[in-house]
Amino acid sequence: MGELEIWIALLLGLMMLSAAILVLLVKNHIAAVAAASVVSLGLALLFVLMRAPDVAMTEAAVGAGLSSLILALAVKRLGLWRIEGKITRSSLLATNTRREKDA
Amino acid sequence: MIPDLTLELILYSTALGLVSIGLAGLVLSRHSFRRVLALVIAEAGANLMLVLAGYRWDAVAPIVTTLGKQPQMVDPVPQAMVLTAIVIGVGIQALAVSILIRIHQRYHTLDRNEMAELMDAEIAATAGTARDVSQESPLGERPIPPITGSAVQARGGRS
């Protein structure tokens with residue numbers, strides 16, 4: 001029981017941290033919003049693990065659902081909604097945002 | 001099993017990592033929408049740390065099921081506060097996004113530096129004063145000769 005919880009928390013924590021880094025690095029804004037919602041969903045699962053089921057329900061509904069909806073609508077409204085057909089390695093990450101304008 | 005790797009250590013490091021990643025993105029990003037996303041991540045880390053403050057590993061969820069003697073419960077007060085903070089966080093996101101939409105309608109850019117330049121120019125034009133060329137320029141006499149325009153452009157700045 002205890003050891004299983006530790007492994008689940010380790011997995012979820014690594015998933016959330018990598019998704020959080022991906023939010024700052026990925027170039028496509030839709031993918032960034034999706035990664036932010038992955039962080040919120042992992043947070044809801046961690047709340048269940050920490051014996052806070054009501055907070056987990058609210059986080060999953062409001063933090064992951066409503067917030068992602070707001071951000072996705074904002075992406076559409078700001079004119080950043082674009083889906084590339086072909087994905088190469090250089091088009092995936094926004095590492096050199098200084099050189100070209102941040103897409 | 002590593003004996004030092006407890007559940008609370010993992011959760012605290014996750015919360016600290018989320019807060020620091022969010023703050024780093026808030027400071028380092030140039031695109032304004034990405035800064036809103038960084039704010040979301042920092043808020044998630046802060047919520048995790050608040051719930052973690054009332055966590056005990058040997059306690060049950062704070063729900064009263066039986067009358068009489070209760071088992072040990074985790075602290076319900078931080079959970080109630082986090083419940084409020086989640087909803088307020090979504091309100092802040094909506095406000096930030098609406099401000100971004102207005103900025104995009106007015107200036108047609110979301111880059112942080114370009115936004116600041118355009119706002120400075122508009123404020124100076126409205127007030128009828130000459131706008132200052134650079135916010136980093138010294139107030140008094142220059143101890144060294146000023147940099148020429150071509151050298152400024154070579155460094156990536158505006159003349």
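May I ask you to sort B:ASP75, B:ASP58 by Cβ crowding, counting other Cβ atoms within 10 Å and putting the fewest first?
Values: B:ASP75 15, B:ASP58 8.
Least crowded to most crowded, the residues run B:ASP58, B:ASP75.
Compute the FRET efficiency between A:LEU73 and B:LEU28 as 1/(1 + (r/R0)^6), taking r as their Cβ-Cβ distance and R0 = 35 Å, and round to the nearest 0.05.
Values: r = 26 Å, r/R0 = 0.74.
Given R0 = 35 Å and the Cβ-Cβ separation, E is 0.85.
Points 7 angstrom from Cα along the Cβ direction at B:ALA46 and B:GLN105: gap in nanometres?
Here the modelled spin labels are 2.8 nm apart.
With a 10 Å Cβ neighbour count serving as the proxy for reagent exposure, in which order, fewest first, do B:ARG30, B:ARG106 appear? Don't skip to the answer; put the middle values down first.
Values: B:ARG30 17, B:ARG106 12.
Starting with the residue having the fewest Cβ neighbours, the order is B:ARG106, B:ARG30.
Return B:VAL36, B:VAL64, A:VAL62 ranked ascending by Cβ neighbour count within 10 Å, so the fewest neighbours appear first. Kindly include the intermediate steps, with their values, before the conclusion.
Details: B:VAL36 23, B:VAL64 7, A:VAL62 17.
Final ranking by Cβ density, sparse to dense: B:VAL64, A:VAL62, B:VAL36.
State, to one decimal in nm, how far the label point of A:ILE30 lies from the label point of A:VAL48, with both points 7 Å from Cα in the Cβ direction.
Placing both labels 7 Å along Cα→Cβ, they lie 2.8 nm apart.
How high is the FRET efficiency from B:ILE92 to A:ALA61, r the C-beta distance, R0 25 Å, rounded to 0.05? All intermediate terms of the calculation are to be shown ahead of the outcome.
On the way: r = 17 Å, r/R0 = 0.70.
Working from the Cβ atoms, E equals 0.90.
Using 0.36 nm per residue of separation minus the Cα-Cα distance, give me the extension gain between B:GLU122 and B:ALA59 in nm, one decimal. Don't skip to the end; give the middle numbers.
On the way: separation 63, 0.36 × 63 = 22.68 nm, distance 5.87 nm.
Here the segment from B:GLU122 to B:ALA59 would lengthen by 16.8 nm.
Express the relative contact order of the range A:2-77 as a whole percentage, based on alpha carbon pairs under 8 Å and six or more residues apart in sequence.
Values: 64 pairs, mean separation 21.9, N = 76.
In percent, rounded to a whole number, it is 29.
Where a number appears in this text, it was derived from the coordinates with a stated rule and is not lab data. Predicted model only: the values in this text are computed from it and were never measured. Reconstructed Cβ throughout: ideal geometry from the backbone, glycine too, with neighbour counts over all protein chains shown.
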